[in-house]
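Scroll down for the structure; my scribbles are underneath it.
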There are 2 protein chains.
Amino acid sequence: MSQRGLEALLRPKSIAVLGASDKPGRAGYLMMRNLLNGGFNGPVLPVTPAYRAVCGVLAYVDVASLPITPDLAILCTRAERNLALLEQLGERGCKTVIILSSHSQQFTELKACAQRYAMRLLGPNSLGILAPWQRLNASFSPVPILPGKLAFISQSAAVANTILDWAQQRSVGFSYFISLGDSLDIDVDDLLDFLARDSKTSAILLYLEHVSDARRFLSASRSASRNKPILVIKSGRSTQAQKLLNSPLSLDVAYDAAIQRAGLLRVQDTHELFSAVETLSHMHPLRGERLLIVSNGAAPAAMALDQLLARNGKLAALGEETQAALRAALPQSISISNPLDLHDDATPERYQSVLTSLLDSNDYDALLVIHAPSAAAHGTVTAERLIATMKGHSRGKRVTLLTNWCGEYSSQEARRLFTEAGIPTYRTPEGTVTAFMHMWNTAATKSS
Amino acid sequence: MSQRGLEALLRPKSIAVLGASDKPGRAGYLMMRNLLNGGFNGPVLPVTPAYRAVCGVLAYVDVASLPITPDLAILCTRAERNLALLEQLGERGCKTVIILSSHSQQFTELKACAQRYAMRLLGPNSLGILAPWQRLNASFSPVPILPGKLAFISQSAAVANTILDWAQQRSVGFSYFISLGDSLDIDVDDLLDFLARDSKTSAILLYLEHVSDARRFLSASRSASRNKPILVIKSGRSTQAQKLLNSPLSLDVAYDAAIQRAGLLRVQDTHELFSAVETLSHMHPLRGERLLIVSNGAAPAAMALDQLLARNGKLAALGEETQAALRAALPQSISISNPLDLHDDATPERYQSVLTSLLDSNDYDALLVIHAPSAAAHGTVTAERLIATMKGHSRGKRVTLLTNWCGEYSSQEARRLFTEAGIPTYRTPEGTVTAFMHMWNTAATKSS
């Protein structure tokens, strides 16, 4: 868990790209283009004998001729050249290197060379790093990325790309986005230590396939999870999947237990992961677990309720004052209870008056508003009303609101508006409750 | 399970709208507009003393003055008038009525009146019926609907609207879309009988909250499920949710057992439901359960594999011929196995040559192709290649292909293309496998 070199990796002031290229499609081209287009503030130094300039930047023929020693070097050349170049970087005094591509036969020699020069390695077979607050895109990511408060560490390039792609669509931002590759040197535990202390990072998300040093991993997780919620999605529940991932075969229940003991929260599939990211990136911390469910149909409310009870969640009990406020705001035909069924003729106005009545109540810790498409309540108009009500009310910033706009055709615009307004929004009642329970477990873990 | 009157309800030749209105927002306006805009072929007869014409159609002051006896009458008036109007419709000889809105105090009288005249009732509190092949939209649906081979029966208006909305976005079509409301008379079992014999319907989807007559329901399901796959999503797993739904309290496990015994397939949540609809609406029947998984990343393949094994699914074993074909088509670094990991540098060409090699193989029953966003394989281009390959190959129509394009930002267009081409496509590896297992269980149930 040495933090040596991580500052140079994660907050570099200068970057050399070895094997920089002007040929589209080449790794050395993609990396140069992403670094320059990303808007990185320090010098980006292409190293290649093949071009006088790459992407308009003066190139240096070799490591020795670099005018300064870069904080970070990125190897984009063919794998055969890795060892020789690493040697040169060591000589030059460079302390941190990202290796994009390598085969396992090289691993021992690369590691030995790095140790000889006290260099830190990320990769090989890493997609790279994105640190949006520093406008650093040292990656192959084909999609842009927004700054945010979530750090993501992935042991899979495919999962990293999927999350990036989804996040772009949902306007979810990141503090750091790190693809580990084969973790020859820098591993999850090093990064957890660093990110737990990073001021831009308020939650950490982990895609894990295997753990190389269980003791170090557990100790790093335990200490990091005291400061920040850490969510983990662990693949390879079956031994067949573990084989596919080249993971050491081990019992999934053992992982489960270890993950829990270390204070991490495990999510079970991709839908849960997306829900969790949505929550972590938008949500202020929960003070309690009492959920109030409001819906324009009994069925979606029942789905949410079933999921809540299956996960041992708690419904809020409404006090007399809140009940009276709701009774005054709603037609007589609606019975005041939790879940609160507004009926399928609920208009945007009815939603709005419920929210207004509830904003003053302390009877719940989080409010889940469900909307199923209906002729009476246009999805977008209803969303606009709720957002305006939250903004206009003095307690709007303190109330935890989760929204579930069901459907797809008529609800996309509403979901976009909620995201823009910083209000978490989900596709299904069950997913919303899952996200809420993650949120609550996070809060509970932290305070225990 | 009487089929009396169902023909008039589900294939009406003429429709009277009682309480037709020219005022936007009124039920009688929405119904007229949907019937006329839908393009229904028979006469639509507005009945109202308030207007000379509604939506441009000559109106009749009362039931008695209608020039013909309509097959179907729809009550859009205020609930107080239901009983008197039903009486008049009975006198007139009308055999089928949809009641949109009513309160439970009326139920006994309405039922008695209907029995007196041997009339069938749908509702009350039904959203109505859509039958796209007949261009019949006798509903409040705020979104359009496409013709297809899936029949949907819902006991919840909110769920019906959510499914309609989602289906519109995904270009999923329906043979019938029926909202039951309070099922005073016509219930699930009547409709199952009818739909099992309907030539346009190849699968039936049921959203169930409660069953009024368990014996009739089981007998109708058992007989219908012999002809067509029936999927059911049953809400109210917890007793609290059952209360919310006003269902008689009962053990969920009992439902589970009954549903299974009747040969129905149960889905557990909304994501599963969407996956199932996707499958049922696109898929030709499976002959076996051997799944072959192809992916450009080990992680999504592992997620799919974990899910397959958790559901007792089966991986295909590749014969020597298929292995040789794949070896010839792929770079040496790729190991030939199932799941087949094409690596994250897999280009659209690599995907294409794998599919080409596999189209001649009989070693699998379904092929799951996973794509995670990557700089090497543009999602849309890769999808276009696969679609063209399927179309161009003589066996393309006989091979069952399921696709999972991960991500959101870069994969939406690909998913749209697959849908257009009639190839089922899903958001997550786990959801795809869930859908596949439903498909297989459907095939297995049918043949057993």
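Given the C-alpha centroids of the stretch B:97-152 and the stretch B:230-244, what is the distance between them in whole angstrom? So the two Cα centres are separated by 22 Å.
Using the charge dipole of the protein assembly as shown (Lys, Arg: +1 at Cβ; Asp, Glu: -1 at Cβ; taken about the Cα centre), state which of B:Leu264, A:Asn246, A:Ala376 has its Cα farthest towards the positive end. Checked the options; the winner is A:Ala376.
Here the Karplus curve 6.51 cos²θ - 1.76 cosθ + 1.60, taken at θ = phi - 60°, turns the phi angles of the stretch B:60-66 into couplings of 10, 5, 8, 4, 4, 8, 4 Hz, with x standing for Gly and Pro. Would you mind classifying the stretch A:109-260 by shape? Square roots of the alpha carbon gyration tensor eigenvalues, ordered a ≥ b ≥ c; an a/c under 1.5 is rounded, otherwise it is prolate if a/b is larger than b/c and oblate if not. Rounded.
How high is the FRET efficiency from A:Lys397 to A:Glu320, r the C-beta distance, R0 30 Å, rounded to 0.05? Don't skip to the answer; put the middle values down first.
Numbers: r = 26 Å, r/R0 = 0.88.
For A:Lys397 and A:Glu320, the calculated efficiency is 0.70.
Between the C-alpha center of the stretch B:371-448 and that of the stretch A:360-432 there is a gap of 32 Å.
Chain A contacts chain B over a buried accessible area of about 4700 Å², both sides summed; the probe is 1.4 Å and only protein chains count.
Once the partner protein chains are put back, the stretch B:257-285 shows a loss of at least 10 square angstrom of accessible area, versus the chain by itself, at B:Asp269, B:Thr270, B:His271, B:Phe274 (probe 1.4 Å, ligands and nucleic acids excluded).
Each Lys and Arg contributes +1 and each Asp and Glu -1, all at the Cβ; summed about the Cα centre of the stretch B:285-445, the dipole is approximately 440 debye.
In the stretch B:151-184, what residues drop by 40 Å² or more of accessible area when the other protein chains are put back, versus the chain on its own? Use 1.4 Å, and skip ligands and nucleic acids. In the stretch B:151-184, residues shielded by partner chains: B:Ala158, B:Asn161, B:Thr162, B:Asp165, B:Gln169.
By its C-alpha gyration tensor, with a ≥ b ≥ c as the square roots of the eigenvalues, how is the stretch A:299-448 shaped: rounded for a/c under 1.5, else prolate for a/b larger than b/c, else oblate? It comes out rounded by the Cα gyration axes. Working note: Cα atoms of chain B, range along each principal axis, descending, whole Å: 81, 47, 36.
Among A:Ile230, A:Thr403, A:Ala214, whose Cα projects farthest towards the positive end of the dipole of chain A, with charges put on the beta-carbon of Lys, Arg (+1) and Asp, Glu (-1)? The residue sitting farthest along the positive end of the dipole is A:Ala214. Rounded to the nearest 500, the helix-only mean residue ellipticity at 222 nm of chain A stands at -12500 deg cm²/dmol, with each DSSP H run of n ≥ 4 adding -39,500 (n - 2.57). Per-residue 3J(HN,Hα) values for the stretch A:424-437, derived from phi via the Karplus relation 6.51 cos²θ - 1.76 cosθ + 1.60 with θ = phi - 60°, read x, 9, 9, 7, 10, x, 5, x, 5, 5, 4, 4, 4, 5 Hz in sequence order (x marks Gly and Pro). Among the listed pairs A:Lys314/B:Lys234; B:Lys23/B:Lys95; B:Lys149/B:Lys314; B:Lys149/B:Lys228, a Cα-Cα separation exceeding 18 Å is found for A:Lys314/B:Lys234; B:Lys23/B:Lys95; B:Lys149/B:Lys314.
Do you know which residues of the stretch A:360-407 lose at least 10 square angstrom of accessible area in the protein assembly compared with their chain on its own, with a 1.4 angstrom probe? By number: A:Ala372, A:Pro373, A:Ser374, A:Ala375, A:Cys406, A:Gly407. Heavy-atom surface analysis with a 1.4 Å probe gives the stretch B:126-282 a carbon and sulfur content of 50 percent of its accessible area. About its Cα centre, the dipole of the stretch B:126-282 is roughly 400 debye, where the only charges are +1 on Lys and Arg Cβ and -1 on Asp and Glu Cβ. Accessible surface for the protein assembly as shown, divided over its residues, is 38 Å² per residue with a 1.4 Å probe.
Note on surface exposure: A:His210, B:His284 rank B:His284, A:His210 by accessible area, highest first, 1.4 Å probe.
Under a Cβ-only charge scheme (Lys and Arg +1, Asp and Glu -1), can you give me the dipole magnitude of the protein assembly as shown about the Cα centre, in debye to the nearest 20?
Working: 88 positive and 78 negative charges, 76 e Å.
The calculation lands at about 360 debye.
First measure r as the distance between the Cβ atoms of B:Ser199 and A:Thr356, then evaluate 1/(1 + (r/R0)^6) with R0 = 51 Å and state the FRET efficiency to the nearest 0.05. Could the numbers behind the result be given before it?
Values: r = 52 Å, r/R0 = 1.03.
The formula returns an efficiency of 0.45 here.
Using the Cα gyration tensor of the protein assembly as shown, with a ≥ b ≥ c the square roots of its eigenvalues, what is the shape: rounded (a/c below 1.5), prolate (a/b larger than b/c) or oblate (neither)? The shape class here is prolate. Amide H contacts of A:Leu205 (H built 1.01 Å from N, in plane; Pro and chain starts excluded): A:Ala151, A:Phe152, A:Ile153, A:Leu231 sit under 5 Å, all sequence-distant by 5 or more or on other chains. Model label points for B:Thr108 and A:Ala64, set 7 angstrom from Cα along the Cα-to-Cβ axis, are 10.3 nm apart. Secondary structure note: in chain A, about 15% of the DSSP beta bridges are antiparallel. Selection among B:Leu18, B:Ala114, B:Ser126 by position relative to the dipole of the stretch B:4-131 gives B:Ser126 as farthest towards the positive end (Cβ unit charges, Cα centre). Relative contact order of chain B, taken over Cα pairs closer than 8 Å and 6 or more residues apart, is 11 percent.
The values are calculated or read from the model by the stated rules, or taken from the named source; none is laboratory data. Computed from a prediction, not measured in an experiment: that's the story for all the values here. Please note: Cβ atoms are built from the backbone with ideal geometry, for glycine as well, and neighbour counts cover all protein chains shown. Note: areas computed on protein heavy atoms with side chains; ligands, DNA, RNA excluded. Shrake-Rupley method; radii C 1.70, N 1.55, O 1.52, S 1.80 Å.
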